[in-house]
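Taking it in order: structure first as structure tokens, then the write-up.
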Amino acid sequence: MGVLLDTHALYWLVTSADVMTDAALVTIADAQSTNALFVSPISAWELAIAAAKPAHKNPTSFGDASAGTWFSAAIRAIGAKVIPVGQRIACLAAQAAVETDHRDPGDCYLIATARHRRIPIVSRDAVMLKLAASDYLQIIRC
């Protein structure tokens, strides 16, 4: 089946910057064991945006690495696979923005990726949790 990590879930998993739920950790471990742990290149984009913000507005830290270098190392470290963003996911992201009125383009791409692959997202995002409550999206709360 598989699971897609939201950007914050990826960051927390790699850095232990926040405590994740047992359910999320078990789901991630199961996905790792079956080679079905996924991330989106949109997470690299979101991390690069976060890295460009002033330190007092962004608790994300990559040490001396760039966001891209950190992202590549992170996915290797956790054994994740990148799901490419092609034309179909791009169109589904636009559809998700319209259908959900979600204002975060990165999240719309993650939502579209998960819906296209029919896999849950590991996330703590409040908007995504509301979408899961309406059966629009599957979420594993982290």
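The values are calculated or read from the model by the stated rules, or taken from the named source; none is laboratory data. A quick note: this is a predicted structure, and the numbers were derived from the prediction, not measured. For neighbour counting, all protein chains shown are included, and Cβ atoms are generated from backbone atoms with ideal geometry for every residue, glycine included.
Here is how the numbers come out for the structure above:
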quantity	calculated
Out of 83, 89, sole residue that is in contact (Cβ under 8 Å) with a residue 24 or more places away in the chain and in contact with a His (Cβ under 7 Å, 6 or more places away or on another chain)	89
Residue in segment 72-80 that is small (Gly, Ala, Ser), under 24 Å from residue 17 (Cα atoms) and free of Cβ contacts under 8 Å to residues at least 40 places away in the same chain present	yes
One residue from 90, 133 being closer than 15 Å to residue 43 by Cα, surrounded by fewer than 21 Cβ atoms within 10 Å (Cβ to Cβ) and more than 15 Å from the chain's Cα centre (by Cα)	90
Candidate set: segment 1-19, residues that are surrounded by 14 or more Cβ atoms within 10 Å (Cβ to Cβ) and touching a Phe, Trp or Tyr at 6+ places or on another chain (Cβ under 6 Å); chosen: the one nearest to residue 72 (Cα to Cα)	4
Segments classed as helices (runs of 4 or more DSSP H), wholly inside segment 26-142, with at least 3 members that are modelled with pLDDT of 95 or more	41-52, 67-78, 87-100, 105-117
Qualifying residue in segment 70-83 (condition: touching a Pro at 6+ places or on another chain (Cβ under 7 Å) and not hydroxyl-bearing (Ser, Thr, Tyr))	yes
Residue check, residue 65 in contact with a Cys (Cβ under 7 Å, 6 or more places away or on another chain) and among the aliphatic types (A, V, I, L, M)	no
